[in-house]
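The values are calculated or read from the model by the stated rules, or taken from the named source; none is laboratory data. Since the structure is predicted, the reported quantities are computational estimates derived from the model, not experimental observations. Glycine gets a Cβ as well: all are built from the backbone with ideal geometry, and neighbour counts include every protein chain shown.
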């Protein structure tokens with residue numbers, strides 16, 4: 001068949017002249033592909049007279065076999081003699097150093113705080129970042145008119161399958177109601193948790209919409225502010241050294257009474273006065289207080305029989321104090337040069 005012979009000869013010539021695998025693959029598609037020249041010839045078999053079909057089909061199959069054999073042979077030749085793509089390897093260059101992973105400074109601080117409180121008898125567990133409005137506000141005696149419930153402070157994320165409003169928790173204090181209800185009114189009870197909290201803050205050197213917090217509380221008979229002060233003093237000494245001092249200032253929180261803001265003696269100037277402590281010698285580190293009767297009652301405890309204390313600490317704030325970091329944004333920028341210091 002002259003036409004088939006012409007296609008075969010042309011194909012073999014081009015296959016043997018192919019300079020690379022990409023060019024060879026194009027020739028395979030051109031001649032023996034789904035719409036290749038040889039394939040098109042085979043499709044015309046039906047229009048030939050019956051007595052010519054057998055010879056025509058055999059010639060096409062023979063040509064196809066020769067082409068495929070030539071392609072396979074040329075592929076092996078090109079692969080054997082192919083040079084590596086890209087720049088040549090310079091074995092005199094130094095190797096690339098793989099940096100060791102490190103624990104993030106916020107995680108380091110949270111773990112140090114957890115270890116200290118575990119030693120004081122507190123248990124630890126994780127709780128959800130997305131919390132019901134009840135546990136985040138109502139169970140903590142936060143009134144409906146409180147500005148913390150407004151959209152400019154809190155991120156609302158819809159309703160759950162029971163129709164309750166869901167929020168990104170604004171504080172890890174939201175875990176208190178869950179733990180007390182799970183305890184079923186049994187005391188003594190000491191618990192803590194850490195995790196991310198979310199508030200609609202403008203970003204600056206000391207504020208970020210996401211921050212880490214540690215919360216802890218205790219419920220039992222005859223607990224008092226003295227127990228709270230002792231617990232926080234032990235925690236501060238473990239974090240900042242045995243010379244650390246605490247100062248309690250009256251404050252207000254919907255879920256504690258009496259309430260107190262707690263300052264620690266400046267870790268930089270040792271109370272001599274510096275820019276970090278605004279020349280006061282003290283640094284604000286946490287909020288605390290005795291749990292309100294409404295909060296105890298919501299958790300299933302009789303406030304006439306049990307008392308409780310609670311405190312919440314900004315882990316980011318403690319991290320910044322421990323390492324003298326002046327901008328909270330550095331903790332969330334994931335800058336490798338910054339993180340390698342820890």
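The residues on offer are 268, 295, 315, and the sole one that is surrounded by 21 or more Cβ atoms within 10 Å (Cβ to Cβ) and under 30 Å from residue 103 (Cβ atoms) is 315. Whether any residue in region 148-156 is within 27 Å of residue 327 (Cα to Cα), surrounded by 17 or more Cβ atoms within 10 Å (Cβ to Cβ) and either in contact with a helix residue (DSSP H, G or I) (Cβ under 9 Å, 6 or more places away or on another chain) or not assigned by TED's automatic domain parsing to the domain that holds residue 291 (or both) is what I want to check. Checking region 148-156: at least one residue is within 27 Å of residue 327 (Cα to Cα), surrounded by 17 or more Cβ atoms within 10 Å (Cβ to Cβ) and either in contact with a helix residue (DSSP H, G or I) (Cβ under 9 Å, 6 or more places away or on another chain) or not assigned by TED's automatic domain parsing to the domain that holds residue 291 (or both). The residues of region 111-140 that are free of Cβ contacts under 8 Å to residues at least 40 places away in the same chain and touching a helix residue (DSSP H, G or I) at 6+ places or on another chain (Cβ under 7 Å), listed by number, are 136, 137.
For region 191-225, filtered to residues that are over 25 Å from residue 124 (Cβ atoms) and touching a helix residue (DSSP H, G or I) at 6+ places or on another chain (Cβ under 9 Å), the residue that is surrounded by the fewest Cβ atoms within 10 Å (Cβ to Cβ) is 204. Taken residue by residue, region 223-235 has no member that is assigned to a strand (DSSP E or B), under 30 Å from residue 325 (Cα atoms) and assigned by TED's automatic domain parsing to the domain that holds residue 317.
Residues are listed down the side, and each one gets a yes or a no for (1) assigned to a loop (DSSP other than H, G, I, E, B); (2) farther than 30 Å from residue 285 by Cα:
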residue	(1), (2)
29	no, yes
102	yes, no
111	no, no
116	no, no
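Tallying residues that are modelled with pLDDT under 80 and surrounded by 16 or more Cβ atoms within 10 Å (Cβ to Cβ) within region 61-83 yields 0.
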